[in-house]
């Protein structure tokens with residue numbers, strides 16, 4: 001199973017990505033801020049990061 005980190009602050013986009021990624025049997029890790037996403041990518045071994053380029057805090 002692939003592990004995907006989604007760093008996105010818009011909940012509607014996250015919901016849509018979650019629907020499609022679960023259909024592909026991916027494990028989803030979600031983050032709403034750049035800081036949290038950076039922390040998660042350092043702790044988790046992920047196969048893919050989907051990153052919003054305009055986030056609150058750090059981009």
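Overview of values
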quantity	calculated
Tilt relative to the chain, helix 34-43 - C-alpha long axis, 0 to 90 degrees, to 10	60 degrees
The chain shape via C-alpha gyration tensor axes, a/c threshold 1.5	oblate
Residue exposure sequence - 13, 58 - by fewest surrounding Cβ within 10 Å	58, 13
Cβ-based exposure ranking for 9, 59, in which fewest neighbours within 10 Å come first	59, 9
Residue order, fewest to most surrounding Cβ atoms within 10 angstrom, among 35, 8	35, 8
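Read-outs: derived from the displayed coordinates by stated rules, not from any lab. Since the structure is predicted, the reported quantities are computational estimates derived from the model, not experimental observations. Methodologically, a virtual Cβ is constructed for each residue, glycine included, from the backbone with ideal geometry; neighbour enumeration extends over all protein chains shown.
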